[in-house]
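A short worksheet on the structure shown next.
All of the numbers you see were taken from the coordinates with simple rules; none came from a lab. All values reported here derive from a predicted model rather than from experimental measurement. We place every Cβ from the backbone using ideal geometry, glycine too, and count neighbours over all the protein chains shown.
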Amino acid sequence: MRHQKIVLVGALLLLVALAGFSRSLFTDVALSENNEISSGEFDIGISKDGERFYNDLKLFDFSDLKPGDERTVTFYVKNRGDLEVSRITMTIYVNDLEDGALSPAEKEVDNTTDRGELSGYLVITGLSVQHGNITTDLTEVAGKTLKELDRKEVELFKGSLEEGEVLKVVMRIRFSPEAGNECQTDKVEVDMKINAEQ
């Protein structure tokens, strides 16, 4: 009987050992390697003709204007990135200057000989934005002078400008017929900042 007990205990120990050993035979591994997260590119550019787009570009230069003259500025804004643009604004910055010595006629009426008055007589007669087949007139700026729009944000576009899509912006500027001699030989530097938002 003692022998049976020893055999039975030995068999049980063997089964326990084998059961423990057999559990270690079954293994499995799942791998996930080289996972990546990257950001998209958010980029707009401007162009005079809609062909080549730049981050910094002089869009216009009008000289020798006389009261009553009107000029048109046309430029294009392109989504050069791979993310959608949902809003585009334009902020105009003006710097009025006297362009050289005052003329005799200007001297008689110009009380600000260190700066010009021209931006107060340059009136936006129209501003429109074309996206695809839809043209939107921005009537809220029509009739305002460059001086009135100085440092004011104007919303050009709100919607969805997809990768590669282009907006056409047309702005008409008129030198007011009401301008007097105080504007002779004046010059205004105009900077435009086009801002895009996702």
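For this structure, a couple of remarks:
- At most 16 other Cβ within 10 Å, DSSP loop - GluC sites (Glu not before Pro), the range 167-198: GLU178
- Under 30 Å from the Cα of LYS58 - lysines, other chains or at least 8 residues apart: LYS48, LYS66, LYS78, LYS144, LYS147, LYS152, LYS158, LYS168, LYS187, LYS193
- Förster radius 35 Å - calculated FRET efficiency between ASN181 and ASP56, Cβ distance, rounded to 0.05: 0.45
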